[in-house]
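The values are calculated or read from the model by the stated rules, or taken from the named source; none is laboratory data. No experiment lies behind these values; they were computed from the predicted model shown. Positions of Cβ are backbone-derived with ideal geometry, glycine not excepted, and every protein chain shown enters the neighbour counts. To get the accessible areas, we keep the full protein, side chains included, count just its heavy atoms, and leave off ligands, DNA and RNA. Shrake-Rupley method; radii C 1.70, N 1.55, O 1.52, S 1.80 Å.
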Amino acid sequence: MPKPKGQKNTKNKAKHSKLMAKKLNKKKKEELLRKQRLKEIVKVSKAQKEDI
């Protein structure tokens with residue numbers, strides 16, 4: 001049976017967009033963290049090479 005006219009699915013849409021934003025933010029944060037770790041590793045390895 002169809003919904004009455006004017007009734008929208010806004011609660012689910014809002015919930016979905018909130019979850020998707022959370023997921024994307026988590027991905028970006030993990031990617032940034034990974035880049036920072038790699039930079040630290042490269043920095044340490046360059047420092048070790050200079051010592052040798």
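Data table
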| item | result |
| --- | --- |
| Separation of the Glu40 and Leu24 label points, Cα + 7 Å toward Cβ, nm | 2.9 nm |
| Accessible surface of the chain [probe 1.4 Å, protein heavy atoms]: carbon and sulfur percent | 59 percent |
| Entry for Rg/Rh (Cα atoms, Kirkwood Rh) (calculated from the structure that is shown) out of (1) 1.08; (2) 1.05; (3) 1.55 | (3) |
| Partners for Lys11 among lysines (Cα-Cα distance below 23 Å; same-chain residues under 8 apart left out) | Lys3, Lys22, Lys23, Lys26 |
| Where the chain is the region considered: accessible area per residue in Å², 1.4 Å probe | 114 Å² |
| Degrees, to the nearest 10: 10-51 long Cα axis against longest axis of the chain | 0 degrees |
